[in-house]
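The values are calculated or read from the model by the stated rules, or taken from the named source; none is laboratory data. Quick caveat: nothing in here was measured; it's all calculated off a predicted structure. Positions of Cβ are generated from backbone atoms using ideal geometry, with glycine treated the same way; all protein chains shown enter the neighbour counts. Surface accessibility is based on the protein's heavy atoms, side chains included, excluding ligands, DNA and RNA. Shrake-Rupley method; radii C 1.70, N 1.55, O 1.52, S 1.80 Å.
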Amino acid sequence: MNGNISQLSQELNNTNINLNEKSSSSFKDYKYKEPIKDYSRYFSLRNSTPCQLTEVEISTFLVSNEIYSFGAGVPSKLFFPFKELEFNFNFMENEKVRLSKEDLEMIQQYSDSPGLPKLRNWCKSLQMRYHGLCDPKTPGKEWDLLMTPGSQHAIDCLVKAFFNRGDSLVVERYTYGGMFAVTQPAGVNFAPCVMDDRGMIPNELNNLLSNWESIHPTKKFPKLIYIIPHGQNPTGVLYDMERKEEIYKIACKYDLLIIEDDPHFFLQLDNEKDINGRRILNKSFLSIDKEDRVIRLDTFSKFLTSGARMGFVTTNSKLFGAIAFELNASVFHSSGLTQIALEKLLTSWGEEIFDNHVNHVQEVLIRKRNETIELLEKHLKGQIEYKVPKAGLYFWVKLLGIDCSYEFVRDVLRHHKVIFGLGISSSPDRYVKTPYIRVTFSYLEKEDGEVAFKILSDCLKDYIKNKKKIEPDQDVTFYNNLNGENNN
């Protein structure tokens, strides 16, 4: 134990933080400082010692029309199978987009690791339009973005870039379960923060960090916070601007970076509309990033197409290289075919049609949300508790009268061919039972919901009445092991 405390003290010394001093001052009084210049303390050992390649070596791996290059391990264009590709997009009145010969050759060959230039430029314009970013090359405020095969791969790159085994990450009490698939095998420790209807509670976060040595005496002090600010997964919470500013000040106060994973940004449903009838979307953490602390993850999966597996990471230029290195080391670059399809779609649409599509998605989700409320009230009133999500795709539903939704779904519900998301799948603490389920209303058709919610209601009644008589299913050992129970 003494060794762990000593190690923790060293970690705190490396962060230039005096917790006694910080705990005595209010985060609301924090005065912003100059943007971070040196990020070396945040990087993982892996990222701090990347493969050492000289500029000359790197040039031998690249293909260019400007030089005679025979060093790269690239196939001949005579091998390429695609001779012609043509797209027919929604909202384009059957106007077809055909790829040029040059585009076809480009997407069937290796390309720039950060992504196709035209697609990246479109995404940069999106960030400037919706998040108020300046021109990417503004002196002293340089930023950049790179395309990734979905946000899941972006998370993988960030874990490799910033975390060593045993490092700590501050997360929301319930959070995106797919993130655990990357962080848990990497040996990352989680420090969950209590939430309310507006997200992480600032006083709770400040208390967690100022009393770190007593709350988590054997864990390293964190370097990053992971947050899903709009339509939080799984709770549906929407962080308002005041809450974001409070969380951001705390991150500054304790010298933490923020991973802003925001797949539901365009799925804000209850916002006021502008004179054109489009919803005015809440500002992001990226839009208020005065000290260059935010790494923002966007994806096309939730409002355009999930099968495309395409997202993008936006951050300041000082952090960009470390993330780009991990992308290049893992997949070289995202799929050229997917990138060109999105590039042609988005550039053909233009801003107006893109905004119309976003508005269409929001209207569909509002209708489906209202239908789900109707079904919940009809079939499950008195058996559940929930709050109407203001954004995103999910209802976070508490099942009354049970303490573990996992056991209920495992032993009863799934045998009636009904499945919902499990609370334990979203919990950073797998040892704590939870009565919650996640209901994805975006995918719900009303006629299916009528059947499924009636079954859920009947099963809840029977389960509560006959719980002791129900035999645990075969995978009971798995759950008991999670809870540290002895099965011998």
> Quick one: of the DSSP bridges fully inside the chain, what percent are antiparallel, nearest 5?
Replying inline: 65 percent
> When the chain is fully extended, how far beyond the present Cα-Cα distance does TYR68 get from ALA181, taking 0.36 nm per residue of separation?
Replying inline: 36.3 nm
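For ASN203 and ASN356, compute 0.36 nm times the residue count separating them, minus their Cα-Cα distance, and round to one decimal in nm.
Extending this stretch completely gives an extra 51.1 nm.
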> How far apart, in nm, are the 7 Å Cα→Cβ label points at HIS216 and LEU45?
Replying inline: 1.9 nm
> In the chain, with Lys and Arg counted as +1 and Asp and Glu as -1 at Cβ, which of these residues, LEU133, THR183, TYR431, has the Cα nearest the positive end of the dipole, that is, farthest along it?
Replying inline: TYR431
>> Name the residue from CYS404, ASN328, SER348 whose Cα lies farthest towards the positive end of the charge dipole of the range 317-432, charges +1 on Cβ of Lys and Arg and -1 on Cβ of Asp and Glu.
In response: CYS404
> So how far apart, in nm, are the two label points at HIS415 and LYS465 if each is 7 Å from Cα heading toward Cβ?
Replying inline: 1.6 nm
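Can you list which of the GluC sites (Glu not before Pro) found in the range 55-125 are DSSP loop residues with at most 13 other C-beta atoms within 10 Å?
The qualifying sites are GLU66, GLU84, GLU93, GLU95.
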> So how strong a dipole does the chain carry about its Cα centre when Lys and Arg Cβ are +1 and Asp and Glu Cβ are -1, to the nearest 20 debye?
Replying inline: 700 debye
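Within 9 Å, Cβ to Cβ, of PRO35, how many net charges do the neighbouring residues add up to if Lys/Arg are +1 and Asp/Glu are -1?
Summing Lys/Arg as +1 and Asp/Glu as -1 gives +2.
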> Here are some pairs, LYS160/LYS290; LYS368/LYS467; LYS160/LYS220; LYS33/LYS318; which of them have Cα atoms lying more than 22 Å apart in this structure?
Replying inline: LYS160/LYS290; LYS368/LYS467
>> Can you give the FRET efficiency to the nearest 0.05 for PHE80 and THR305, using r as the Cβ-Cβ distance and R₀ = 25 Å?
In response: 0.55
> R0 = 30 Å: FRET efficiency of THR440 with SER125, Cβ-based, nearest 0.05?
Replying inline: 0.45
> Applying 1/(1 + (r/R0)^6) with R0 = 35 Å to the Cβ-Cβ distance of THR54 and ARG98, what FRET efficiency is obtained, to the nearest 0.05?
Replying inline: 0.25
>> With +1 on the Cβ of every Lys and Arg and -1 on the Cβ of every Asp and Glu, and nothing else charged, how large is the dipole of the range 40-136 about its Cα centre, in debye rounded to the nearest 20?
In response: 340 debye
> For the chain, what is the accessible area per residue in Å², given a 1.4 Å probe and the full set of protein chains?
Replying inline: 49 Å²
> The list [x] 1.23; [y] 1.06; [z] 1.00 gives values of Cα Rg over 2.2 N^0.38 Å, and only one came from this structure; which label was calculated from it?
Replying inline: [y]
>> What aspartates and glutamates does LYS37 reach when the alpha-carbon gap must be under 19 Å and sequence neighbours fewer than 8 apart in one chain are set aside?
In response: GLU142, ASP144, ASP255, ASP289, GLU291, ASP292
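Please compute the net charge surrounding LYS387, taking Lys and Arg as +1 and Asp and Glu as -1 over other residues with Cβ under 14 Å from its Cβ.
Working: positive: ARG198, ARG369, LYS390, LYS398, ARG438; negative: ASP196, ASP197, ASP270, GLU377, GLU385.
With Lys, Arg at +1 and Asp, Glu at -1, the net is 0.
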> At a probe radius of 1.4 Å, what is the per-residue accessible area of TYR110, in Å² to the nearest 10?
Replying inline: 120 Å²
> Around GLU445, what is the net charge, scoring Lys/Arg as +1 and Asp/Glu as -1 over all other residues with Cβ under 10 Å from its Cβ?
Replying inline: -2
> What is the antiparallel percent of DSSP beta bridges lying wholly in the range 152-283, to the nearest 5?
Replying inline: 25 percent
